[in-house]
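Take a look at the structure below.
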Amino acid sequence: HRYSVNRQHEVEGTIMAKREQIRCHYEVLSVERDADEATIKKAHRKLALRHHPDKNQGCKEAENEFRLIQEAYETLSDPQERKWYDQHREAILNGGKGFDDGDEGGGISFIFDVLPYHTAACYDGYGDDEDGFYAVYSMVFREIMIGEQNGWVSEGNIDEEKMVNFHLFGVDFGTSTSDWSDVSEFYAAWEGFTSCLSFAWADQYDPRDAPNRFVRRRIDEENRKARRVAKRERNDDVLALVHFLKRRDPRVREAKEKAEREKREKEASKVLENDRKKKETVAARKEWREQAEREMAEAEARDTAAGRVRLADLDDSDDEFYGGKRRKGKKGKKGRKKKKNQWSSD
């Protein structure tokens, strides 16, 4: 994981050469710093149409201007990124915080300044060439970890594997052809970045100047507070860079588009499957009705046939079954012989 001692100075030389290319996002879009969302959107649309590569084919200047316009709009249209940019705008335009600029920057030469890389001006296109997106940011993350490593050693530590962020040495930013699994692993790892340094240089007071233990404790408290603030700022700078890249990384965009496309295809397939099931259900019900109607018709036909046979068999002889022989006539009272009452006098 060790690189040339002069590597950071070479990188800083490249930044100095590109410093003139760094322009304020508000200036690029020709809007005021307090411009609202609608104003920014309108300005972007106007300038994007004017400098679009399709209208300026073969014009490298128009292509670069269009890239800066897109970059400015992506930053200023996102509330979180705009807030961060407004807070660090001056440092970005000045080429960074200058950690190795003596007392003004803190004289911390091993810390790699990431602020100059929060702009599209630091890379040239999304190719894998030396000045391209992937080569530039691969170098940036290597330099961040080299700075962490050098700082860790300079603080008297020996075992580098005990660095809380040592695992970041094992993940690489990759190239345009990297597998999505490697890309997602990189962002998952770096989105949890925390510096392993003590930030002792952020101390506001020298404990040796304390006249007594009470003052010394107060000095220690203030120094610990200053260290926490400095560490948080460093972590925020690196995490902001990770967020900045993730929004612009073509591999991430491609993965999101693929996921959305697969989601739409899955939803469409689910709709088709539901339609198929509905049609199968309707067809099954129809077949069941038709089968039931056929069975009912067959049953009625059998009943009708059986009924005709019974009617044909019905004749007078059936009376014996239903009540015996039919009487041929009725005997009147006259034909009846009156039974004599045994108590009668006659």
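The values are calculated or read from the model by the stated rules, or taken from the named source; none is laboratory data. Predicted model only: the values in this text are computed from it and were never measured. Glycine also receives a Cβ, built like all others from the backbone with ideal geometry; neighbour counts cover every protein chain displayed. With ligands, DNA and RNA removed, areas are computed over all heavy atoms of the protein, side chains included. Shrake-Rupley method; radii C 1.70, N 1.55, O 1.52, S 1.80 Å.
In segment 200-230, what residues are open to solvent by less than 70 Å² (accessible area, probe 1.4 Å) and within 37 Å of the chain's Cα centre (by Cα)?
Matches in segment 200-230: Ala226, Val229, Ala230.
Identify, from the list Asp346, Asp316, Asp249, Asp275, the residue that is among the acidic types (Asp, Glu), farther than 30 Å from Cys196 by Cα and modelled with pLDDT of 80 or more.
Of the residues listed, the single one that is among the acidic types (Asp, Glu), farther than 30 Å from Cys196 by Cα and modelled with pLDDT of 80 or more is Asp275.
Is there a residue in segment 80-87 that is basic (Lys, Arg), on the phi < 0 side of the Ramachandran plot and assigned to a helix (DSSP H, G or I)?
Yes, segment 80-87 has at least one match.
Please work out which one of (1) assigned to a helix (DSSP H, G or I); (2) modelled with pLDDT under 90 is the condition His1 fails and give its number.
(1)
With respect to the numbered conditions (1) open to solvent by 30 Å² or more (accessible area, probe 1.4 Å); (2) at negative phi, which one is the sole condition not fulfilled by Gly58?
(2)
Checking the conditions here, which among Ala240, Ala268, Ala226 is within 28 Å of Asp78 (Cβ to Cβ) and in a helix (DSSP H, G or I)?
On inspection, the qualifying residue turns out to be Ala240.
Collect the residues in segment 77-123 that are at pLDDT below 80, surrounded by fewer than 17 Cβ atoms within 10 Å (Cβ to Cβ) and in contact with a Lys or Arg (Cβ under 7 Å, 6 or more places away or on another chain), keeping them in residue-number order.
Gly105
Based on this model, can you work out whether Val11 counts as part of a helix (DSSP H, G or I), at pLDDT below 90 and surrounded by 15 or more Cβ atoms within 10 Å (Cβ to Cβ)?
yes
Among the residues of segment 20-42, how many are open to solvent by 20 Å² or more (accessible area, probe 1.4 Å), free of Cβ contacts under 8 Å to residues at least 40 places away in the same chain and not in a loop (DSSP other than H, G, I, E, B)?
Looking only at that region, the number is 6.
Is there a residue being modelled with pLDDT of 90 or more and farther than 21 Å from Arg247 by Cβ anywhere in segment 135-144?
Looking through segment 135-144, at least one residue is modelled with pLDDT of 90 or more and farther than 21 Å from Arg247 by Cβ.
Inside segment 160-178, can you point out the residues that are open to solvent by 70 Å² or more (accessible area, probe 1.4 Å), farther than 23 Å from Glu130 by Cβ and part of a loop (DSSP other than H, G, I, E, B)?
Within segment 160-178, just Val164 meets the criteria.
One line per residue, one yes/no per condition, for (1) free of Cβ contacts under 8 Å to residues at least 60 places away in the same chain; (2) among the aliphatic types (A, V, I, L, M):
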{"residue": "Met145", "(1), (2)": "no, yes"}
{"residue": "Gln149", "(1), (2)": "no, no"}
{"residue": "Ile158", "(1), (2)": "yes, yes"}
{"residue": "Glu161", "(1), (2)": "yes, no"}
{"residue": "Gly170", "(1), (2)": "yes, no"}
{"residue": "Ser176", "(1), (2)": "no, no"}
{"residue": "Tyr187", "(1), (2)": "no, no"}
{"residue": "Trp190", "(1), (2)": "yes, no"}
{"residue": "Ser198", "(1), (2)": "yes, no"}
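Could you please let me know if Phe193 is within 22 Å of Lys231 (Cβ to Cβ), aromatic (Phe, Trp, Tyr) and open to solvent by 50 Å² or more (accessible area, probe 1.4 Å)?
Taking the combined requirement at face value, the residue does not satisfy it.
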